[in-house]
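Colleague: Could you have a look at this structure, given as structure tokens, before my questions?
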């Protein structure tokens, strides 16, 4: 996975959108260097919405500069992908 993220980083802005809490996020960010490849983090505990609520996806859209409006979302939960698509984000269900 880290190889894919590093390749994507070369030509894209990367956001991490996660249902998490502060202690868990602090733990994973300190132990998994690949997370430092992301340009920004949209974290449920900070914005007050969790996937699959559409508001978390709208928050992602708002954080991307307008010249990068070709958004793509990957998730292992099909409902999250479905809601992302309803917000105008291309989505892929990872299995």
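The values are calculated or read from the model by the stated rules, or taken from the named source; none is laboratory data. Here the structure is a predicted model, which means the values were calculated and not measured. So basically every Cβ, Gly included, is an ideal-geometry build from the backbone, and we count neighbours across all protein chains shown.
Colleague: On the basis of being free of Cβ contacts under 8 Å to residues at least 24 places away in the same chain, touching a strand residue (DSSP E or B) at 6+ places or on another chain (Cβ under 9 Å) and either assigned to a helix (DSSP H, G or I) or closer than 15 Å to residue 16 by Cβ (or both), does residue 29 make the cut? Full working, then the answer.
Modeller: Working: free of Cβ contacts under 8 Å to residues at least 24 places away in the same chain: yes; touching a strand residue (DSSP E or B) at 6+ places or on another chain (Cβ under 9 Å): yes; either assigned to a helix (DSSP H, G or I) or closer than 15 Å to residue 16 by Cβ (or both): yes.
So residue 29 passes the test.
Colleague: Another question about this same structure. Filter the stretch 50-68 for residues that are over 12 Å from the mean Cα position of the chain (by Cα) and more than 12 Å from residue 87 (Cβ to Cβ); which is surrounded by the most Cβ atoms within 10 Å (Cβ to Cβ)?
Modeller: 68
Colleague: Continuing with this model, one more query. Counting only residues that are touching a residue at least 24 places away in the same chain (Cβ under 8 Å) and touching a strand residue (DSSP E or B) at 6+ places or on another chain (Cβ under 8 Å), which one in the stretch 32-51 is nearest to residue 95 (Cα to Cα)?
Modeller: My answer is 51.
Colleague: Kindly provide the set of residues from the stretch 51-95 that are under 20 Å from residue 1 (Cα atoms), modelled with pLDDT of 95 or more and assigned to a loop (DSSP other than H, G, I, E, B), ordered by number.
Modeller: 76, 77
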